[in-house]
Amino acid sequence: MFDRFGELDSAAQINEIAVNLRKEKDVESLKVLAKENGIDGDVLEAFLAGELLYLCDDMGAAIGKVEVEAKGVECAEIMEDWVGYIKSQCMESHEMARAVRKKGKSLSGCIAALLKWSLAHQYPVDRKIMKEAGVTAGSCTLGIPGFATAKKIIRGYYLGEQA
């Protein structure tokens, strides 16, 4: 995922490398840097053409990281909703964007925090619902956080806020 340049901690680190590579006219390395960090090809072209001073801002760096990480984990249904929420928070909050970009924070780590909560908060499913669903087991539990709880867990993971 971050094979050549490693996991970079901030947009500033990405931009420092990008500016130096542009000065060296190392287009191939710039393409690798952009790909590893989820930077759009059109943005890279504008940067190479000198239309942009920097390759990314905090929001672009964070969303790019999430998108690259999402390709490396199998996300479906509710997990896709969580990924969407993380990206929307990066658009709304510079603090969240910087936190998501931090080295050591990852989408898989965030989803693991949600899974940990889910496993610790299994609730019994009503027998009427089980019957309607065709479940013949003696009991059934379900532990998926509601959206408000998921938001707290996500913010807690990235920002260190109490969930």
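Readers should treat all values here as calculations from the given coordinates under stated rules, not as data from a laboratory. The structure presented is a predicted model; accordingly, all values stated were derived computationally and were not measured. For neighbour counting, all protein chains shown are included, and Cβ atoms are generated from backbone atoms with ideal geometry for every residue, glycine included.
Can you sort SER108, SER118 so the residue with the fewest Cβ neighbours within 10 Å comes first?
Working: SER108 12, SER118 17.
Ranking SER108, SER118 by Cβ neighbours within 10 Å, fewest first, gives SER108, SER118.
Semi-axes of the range 84-163's equivalent ellipsoid from the Cα gyration tensor, sqrt of 5 times each eigenvalue, largest first, rounded to whole Å?
Working: eigenvalues 219, 28, 19 Å².
Ellipsoid half-lengths, sorted descending, are 33, 12, 10 Å.
Assigning unit charges at the beta carbon (Lys, Arg +1; Asp, Glu -1) and nothing else, what dipole magnitude in debye, to the nearest 20, does the chain show about its Cα centre?
Working: 21 positive and 25 negative charges, 141 e Å.
Charge dipole, the chain, about its Cα centre: 680 debye, nearest 20.
Let me check the size of the chain from its C-alpha atoms; what are the radius of gyration and Dmax in Å?
19.9, 68
At 222 nm, what helix-only mean residue ellipticity would the chain give, in deg cm²/dmol to the nearest 500, using -39500 (n - 2.57) for each DSSP H run of four or more?
Working: 9 runs with 103 residues, N = 163.
Result for the chain: -19500 deg cm²/dmol, rounded to the nearest 500.
Which residue, ALA133, ALA11, ALA34, has the most motion in a Gaussian network model of the chain that connects Cα atoms within less than 10 Å?
ALA133
At most 12 other C-beta atoms within 10 Å and a DSSP loop state: those are the exposed trypsin sites (Lys or Arg not before Pro) I care about. Give me the longest piece of the chain that has none. Don't skip to the answer; put the middle values down first.
Details: sites that count: ARG4, LYS25, LYS103.
It works out to 26-102.
Identify the GluC sites (Glu not before Pro) of the range 1-70 meeting these criteria: DSSP loop state and at most 14 other C-beta atoms within 10 Å of the C-beta. Write down the numbers at each step before the final one.
Working: sites: GLU7, GLU16, GLU24, GLU28, GLU36, GLU45, GLU51, GLU67, GLU69; in loops: GLU7, GLU24, GLU51.
Within the range 1-70, the qualifying GluC sites (Glu not before Pro) (loop, at most 14 other Cβ atoms within 10 Å) are GLU24, GLU51.
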